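Undergrad: Here's a structure for you.
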Amino acid sequence: LAPVTGEPNGADAIALVMYDGRHVDSVFLKDCKFTNCHGAMFAYGRGYDNRGKLGLLQVEGCEIVNPYGANTKDSLSAFGGGQQFYISPWVARMVYRNCLFDGGGEDMTDPATSPGGRLKDGGAFGSPMKLIFEDNVVRRMGVEALHQTNDITYMTATSTAFTMPPADGSTVEVGILLAASTFQVGDVINVRTSQLPGQPASNNLMRVESVDGPEQLTLSNLGNAFNAGPGTEIPRGRSIYRDTEREPGIVTIRRNLFDGTTPPGSTPFSTKSGIVATAKVEMSANLILDYSRGIVLFDDIHTPAHSANWGSVLRGNLIQTRDASTAGGSTLGIEAWGDETRYDGNFIQAPHPRRFIGIAMYGRRSVAAGNHVHAVQIVRSPYGSVFRSNGIGAGNT
């Protein structure tokens, strides 16, 4: 086998594939078991005009288990062995209820079946338009147990390279791949450069000045501070996201157990996280154990002009982080970038107060009320110590 240099997705037990743009009312999976699949289910379907054309996808009472973890040659290079479920915005409403997601086994010390000891990346990933995730158990994941990404406004990709014009009304013609996405004059779009080795990802907000056919746009530079400078060459193959107004994914996550306890022989990522989302989220009554990050609401990467997680509510969750005194690194109960976020009545505990932050809220106009942040051990650190902890921190640093 050739060495694995990316996630081994694409060998799904069930592949749902969008066909000719038709509407599909609903798909149900009940009481199914998926064992050692590199992907249990992937839903394939892209294009802004095709969003939500699969009305309901419901997975209930199912077991999705990877007892050998990634079970992949060169698994340490495989970014966690891929996801168990990945759902595209073609799905309007995704419901997971009473399911078990398990990304590893009780013992992963046998290199014949668990080479490198890499746990499965995560259980449920993707961007359904609306996600309901309730009464599930997710355990032994290596990167993010649950991740709602922000692909709701994906449109297509550029087919030609172009030079960024100055932000003075000048325009540039850009070729795009033919896709089921309707561009309108006046739309604000984000031409995003993906992250590559040695090259960070970047966003470029531009306005559609004219639509010159299904495969050609005329764009102007909006001049945002993070845009590439005039004269910069933007390579072909850049993803395009609509960012004209706020169009977040809507997510409800409640009454779930996320258990990040690692079995013998396993090799999790140092920053493994429980619940991760770039969406408008309501999370309540979840038990989240043994992650370096319990809940993360990421800053926007696809829609920088309109925060997808604006107005989220995190209420009544119980989070116990991993022990940083033995695992190293830092630990955070909740880390969130969204503006106007509410943090109400959460209980956040660390076994050891080494580089521990209960709630790190970077967003503006956010409110934390009635939370309990607690370290089991008492360790006194000087004020300027790099190991010092913080109960609740507000601000962008």
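Undergrad: Test F387 against the stated conditions and say whether it is over 20 Å from V281 (Cα atoms) and open to solvent by less than 20 Å² (accessible area, probe 1.4 Å).
TA: no
Undergrad: If a residue must be among the aromatic types (F, W, Y) and surrounded by 13 or more Cβ atoms within 10 Å (Cβ to Cβ), how many such residues does region 9-35 contain?
TA: Selection size over region 9-35: 1.
Undergrad: Give just the number: which of (1) in contact with a Pro (Cβ under 9 Å, 6 or more places away or on another chain); (2) open to solvent by less than 10 Å² (accessible area, probe 1.4 Å) does V296 not satisfy?
TA: If we test V296 against (1) in contact with a Pro (Cβ under 9 Å, 6 or more places away or on another chain); (2) open to solvent by less than 10 Å² (accessible area, probe 1.4 Å), just (1) comes out false.
Undergrad: Taking the stated definitions as given, is G69 within 23 Å of D259 (Cβ to Cβ) and not in a strand (DSSP E or B)?
TA: yes
Undergrad: Does region 266-279 contain any residue that is open to solvent by 40 Å² or more (accessible area, probe 1.4 Å) and at pLDDT 95 or above?
TA: No, there is no match, as no residue in region 266-279 is open to solvent by 40 Å² or more (accessible area, probe 1.4 Å) and at pLDDT 95 or above.
Undergrad: Select, from G82, G117, G123, G103, the only residue that is buried (at least 23 other Cβ atoms within 10 Å of the Cβ), modelled with pLDDT under 95 and within 26 Å of T252 (Cα to Cα).
TA: On inspection, the qualifying residue turns out to be G82.
Undergrad: Give me the residue from region 244-263 that is of a type in the set (A, V, I, L, M) and open to solvent by 40 Å² or more (accessible area, probe 1.4 Å) and, out of that set, nearest to V143 (Cα to Cα).
TA: Ranking the candidates gives L257 first.
Undergrad: Next question. Just to verify a result, which residue in region 88-100, among those that are touching a Phe, Trp or Tyr at 6+ places or on another chain (Cβ under 9 Å), of a type outside the set (V, I, T) and assigned to a strand (DSSP E or B), is most open to solvent (accessible area, probe 1.4 Å)?
TA: The residue in question is R97.
Undergrad: Restricting to region 162-198, name every residue that is modelled with pLDDT under 95, among the hydrophobic types (A, V, I, L, M, F, W, C) and out of contact with any Asp or Glu (no Cβ under 9 Å at 6 or more places or on another chain).
TA: Selection gives L196 alone.
Residues checked against (1) in a strand (DSSP E or B); (2) touching a residue at least 40 places away in the same chain (Cβ under 8 Å):
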| position | (1), (2) |
| --- | --- |
| D110 | no, yes |
| A124 | yes, yes |
| T160 | no, yes |
| A167 | no, yes |
| L178 | no, no |
| T182 | no, yes |
| E209 | yes, no |
| G213 | no, no |
| L217 | yes, yes |
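Undergrad: Here is a further query. Against the definition (over 23 Å from T278 (Cβ atoms), part of a loop (DSSP other than H, G, I, E, B), open to solvent by 70 Å² or more (accessible area, probe 1.4 Å) and among the basic types (K, R)), how does R354 come out, yes or no?
TA: no
Undergrad: Then there's this: Mind checking which residues of region 218-243 are of a type in the set (A, V, I, L, M, F, W, C) and open to solvent by 20 Å² or more (accessible area, probe 1.4 Å)?
TA: L222, A225, F226, A228
Undergrad: Looking only at residues that are within 19 Å of G69 (Cβ to Cβ) and modelled with pLDDT under 95 in region 14-39, which one is nearest to the chain's Cα centre (by Cα)?
TA: G39
Undergrad: While we're here: Of all residues being assigned to a strand (DSSP E or B) and in contact with a Phe, Trp or Tyr (Cβ under 9 Å, 6 or more places away or on another chain) in region 184-207, which is farthest from E247 (Cα to Cα)? Just the residue, please.
TA: Among those residues, the one meeting the criterion is S202.
Undergrad: Restricting to region 189-217, and then to whatever is open to solvent by less than 30 Å² (accessible area, probe 1.4 Å) and of a type in the set (A, V, I, L, M), can you tell me which residue is nearest to I176 (Cα to Cα)?
TA: For region 189-217, the residue satisfying everything is L217.
Undergrad: What's the number of the condition T109 fails, among (1) of a type outside the set (G, A, S); (2) open to solvent by 40 Å² or more (accessible area, probe 1.4 Å); (3) at pLDDT 90 or above; (4) under 17 Å from the mean Cα position of the chain (by Cα)?
TA: Here T109 clears every test but (4).
Undergrad: Right, another one. Just need a number here: residues in region 299-308 that are of a type outside the set (V, I, T) and surrounded by fewer than 20 Cβ atoms within 10 Å (Cβ to Cβ).
TA: Step one: list which residues in region 299-308 are of a type outside the set (V, I, T), which gives 299-300, 302, 304-308.
Adding the requirement that they be surrounded by fewer than 20 Cβ atoms within 10 Å (Cβ to Cβ) leaves 299, 304-306.
Within region 299-308, residues that are of a type outside the set (V, I, T) and surrounded by fewer than 20 Cβ atoms within 10 Å (Cβ to Cβ) number 4.
Undergrad: Look at region 299-337 and say how many of its residues are closer than 16 Å to E282 by Cα and either of a type outside the set (A, V, I, L, M) or free of Cβ contacts under 8 Å to residues at least 24 places away in the same chain (or both).
TA: Adding up the residues that qualify gives 10.
The values are calculated or read from the model by the stated rules, or taken from the named source; none is laboratory data. Quick caveat, the model's predicted, so the values are computed rather than measured. Every residue, glycine among them, receives a Cβ derived from its backbone with ideal geometry; neighbour counts consider all protein chains shown. Just so you know, the surface numbers come from the protein's heavy atoms only, side chains and all, with ligands and any DNA or RNA stripped out. Shrake-Rupley method; radii C 1.70, N 1.55, O 1.52, S 1.80 Å.
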